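The values are calculated or read from the model by the stated rules, or taken from the named source; none is laboratory data. Model, not experiment: these values are computed from the prediction. Here the Cβ positions follow ideal geometry from the backbone for every residue, glycine too, while neighbour counts run over all protein chains shown.
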Amino acid sequence: MATERTDQGQQHLIDGVKPITQRDRLQVLMDAPLLPKRPQRPCNIGLFDDDARNQFDLFIHGDKR
C-alpha cells in the first residue's frame with residue numbers, strides 16, 4: 001500500500017487515487033471565474049431597473065376601493 005508524508009504524519013493512499021499536487025491546486029485557481037477587484041454598481045437601467053419595479057403607483061387607475 002502506498003503512503004504519503006504530510007504535515008499530519010504518514011498517510012495511506014487508496015489504490016487508484018493519486019495525491020493532490022501543487023499543480024492540481026494551482027489549476028483549480030486558474031480555472032475559477034475572475035472576481036472584480038472592487039464591488040460593482042448595480043445595472044439599474046432599462047430592463048434591469050429593479051428600483052423602478054418596486055415603486056408604488058402615484059395614481060390608482062380605475063375605481064378601486
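Provide a single number: the residues in segment 15-59 that are assigned to a loop (DSSP other than H, G, I, E, B) and aliphatic (A, V, I, L, M).
Number of matching residues: 7.
I want to confirm something. Restricting to segment 1-14 and keeping residues that are outside any strand (DSSP E or B) and in contact with a strand residue (DSSP E or B) (Cβ under 8 Å, 6 or more places away or on another chain), which single residue is modelled with the lowest pLDDT?
Checked segment 1-14; the qualifying residue modelled with the lowest pLDDT is Met1.
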